[in-house]
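Engineer: I'd like to ask some things about the structure below.
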Amino acid sequence: MDKNEQLSVVIPVYNEEDNLQALMERLLPVLQQTGKSFEIIFIDDGSRDNSLPILKSFIKYEQVKVLELTRNYGQHAAIMAGFSVSSGDIVVTMDADLQNPPEEIPALLAAMEEGNFDVVGTIRKGRKDSLFRILPSKIVNMVARKITGVSMRDWGCMLRAYRRPVVERMISCHEHSTFIPALATVFGKRITEIEVRHEERHGGKSSYPLRKLINLQFDLVASFSNFPIKMIMYGGILLSLLGVCFGAFLVIARLLYGAIWAAQGVFTLFAVLFVFIGMQFFALGLIGEYIGRIFREVRKRPEYVIERIYSARGTK
């Protein structure tokens, strides 16, 4: 390992009071053993428990910075806030719930330096999550591979390492709805994955319900592809052709079997009509999602607002 490179570890925190002390006790020795100069950047993403006071107690260590955001902006926005104040040549992101073991960080650094990679992702080996979390994750992985064209197996694990140029390019994007692992593939040429351990959540409850997983899926699709709009266009063409064929079938059936047969098919027509109306509403909703995202972008509101930065050198 290059001892002259500085390491930054960026950790978003939302209601993790039960995990922070154990995280710090495990993380600090690991980083000290790397022999690199390092900094730890915690981002309090609008926590409603005692996470912020606990984080502020860590600033007794000169390597620790604590960012207090004005409200909850979400995991990826919090990470971007951490990126904006980081200074390391290599930046590692990880969750605060200890499902990403800090002891795996040296493996990421070794892989990055041995292969001169720009991005090192991780594959969670022996996942400890429930089926409710694993199945949506598989869908995200499948969609991410399709959209980015990068054959990574696990896009959902936030234990990842990035070189400084990749981080700087991501910061310059100023996107409001983004998916950081996918965004990194736009700017990183040499990308790899390694297997890492996955542990049970140390304490507390997950702050990633189904609603956030769905929003994450929309962020991934809408930020990196217009594939859904194309599918709507192709689907509309197909439905139109089917409608023409079905209309021709009804005309022929009426000529062959008379008006009585046509009357008996009224409910079938209603069913088909309802299907078409449902498809239209779905299409309008999806287009509306894109328009809503465009609206958020053109307003130029900040992706996050840092209220204060706490460190051993004082508060800004």
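Engineer: If I filter the stretch 83-99 for residues that are assigned to a loop (DSSP other than H, G, I, E, B), of a type in the set (S, T, N, Q) and farther than 13 Å from Cys157 by Cβ, do I get at least one hit? Give the derivation first.
Structural biologist: Taking the stretch 83-99 and keeping what is assigned to a loop (DSSP other than H, G, I, E, B), we get 86-89, 94-99.
From the residues that got through so far, the ones that are of a type in the set (S, T, N, Q) too are 86-87, 99.
Add one more test, that the residue is farther than 13 Å from Cys157 by Cβ, and what stays is 86-87.
Within the stretch 83-99, one or more residues are assigned to a loop (DSSP other than H, G, I, E, B), of a type in the set (S, T, N, Q) and farther than 13 Å from Cys157 by Cβ.
Engineer: Right, next: Looking at the stretch 60-82, which of its residues are among the β-branched types (Val, Ile, Thr) and not in a helix (DSSP H, G or I)?
Structural biologist: Within the stretch 60-82, Val64, Val66, Thr70 meet the criteria.
Engineer: Out of all the residues in the stretch 43-70, which are free of Cβ contacts under 8 Å to residues at least 40 places away in the same chain and surrounded by fewer than 17 Cβ atoms within 10 Å (Cβ to Cβ)?
Structural biologist: Those that are free of Cβ contacts under 8 Å to residues at least 40 places away in the same chain and surrounded by fewer than 17 Cβ atoms within 10 Å (Cβ to Cβ): Arg48, Asp49, Asn50, Pro53, Ser57.
Engineer: So, one more: Cβ-Cβ under 7 Å, sequence separation 6+ or interchain: first residue in the stretch 107-124 and assigned by TED's automatic domain parsing to the domain that holds Val150, partner modelled with pLDDT of 90 or more and acidic (Asp, Glu). Which pairs?
Structural biologist: As it stands, the answer is Gly121/Glu193; Thr122/Glu193; Ile123/Glu193; Ile123/Glu195, since those pairs meet every condition given.
Engineer: Here are Phe270, Phe281: which of them is modelled with pLDDT under 70 and outside the structural domain of Thr185 (by TED's automatic domain parsing)? Break it down into steps so the answer makes sense when it comes.
Structural biologist: On the way: Phe281 fails: modelled with pLDDT under 70.
Only one candidate passes the filter, namely Phe270.
Engineer: Out of Ser57, Ser47, report the one residue that is out of contact with any Lys or Arg (no Cβ under 7 Å at 6 or more places or on another chain) and part of a helix (DSSP H, G or I).
Structural biologist: Ser57
To keep it simple, each residue is scored yes or no on (1) at pLDDT below 95; (2) within 17 Å of Thr34 (Cβ to Cβ); (3) surrounded by fewer than 21 Cβ atoms within 10 Å (Cβ to Cβ); (4) of a type in the set (Val, Ile, Thr).
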| residue | (1), (2), (3), (4) |
| --- | --- |
| Val85 | no, no, yes, yes |
| Val91 | no, yes, no, yes |
| Met94 | no, yes, no, no |
| Pro106 | no, yes, yes, no |
| Met112 | yes, yes, no, no |
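Engineer: Given the residues Arg127, Arg71, which is the only one that is in contact with a helix residue (DSSP H, G or I) (Cβ under 7 Å, 6 or more places away or on another chain) and of a type in the set (Lys, Arg)?
Structural biologist: Arg127
Engineer: So, of the residues in the stretch 52-78 that are among the small types (Gly, Ala, Ser) and either within 21 Å of Val92 (Cα to Cα) or outside the structural domain of Asn19 (by TED's automatic domain parsing) (or both), which turns out to be modelled with the highest pLDDT?
Structural biologist: Within the stretch 52-78, the first condition is being among the small types (Gly, Ala, Ser), and the residues that meet it are 57, 74, 77-78.
Next, only the ones that are either within 21 Å of Val92 (Cα to Cα) or outside the structural domain of Asn19 (by TED's automatic domain parsing) (or both) stay: 74, 77-78.
On the way: Gly74: 87, Ala77: 91, Ala78: 94.
The residue in question is Ala78.
Engineer: Next question. Can you tell me which residues in the stretch 141-184 are touching a Pro at 6+ places or on another chain (Cβ under 7 Å) and assigned to a helix (DSSP H, G or I)?
Structural biologist: Just the residues of the stretch 141-184 that are touching a Pro at 6+ places or on another chain (Cβ under 7 Å), to begin with: 155, 160.
Of everything in the stretch 141-184, nothing turns out to be touching a Pro at 6+ places or on another chain (Cβ under 7 Å) and assigned to a helix (DSSP H, G or I).
The values are calculated or read from the model by the stated rules, or taken from the named source; none is laboratory data. This is a predicted model, so every value here is computed, not measured. Glycine gets a Cβ as well: all are built from the backbone with ideal geometry, and neighbour counts include every protein chain shown.
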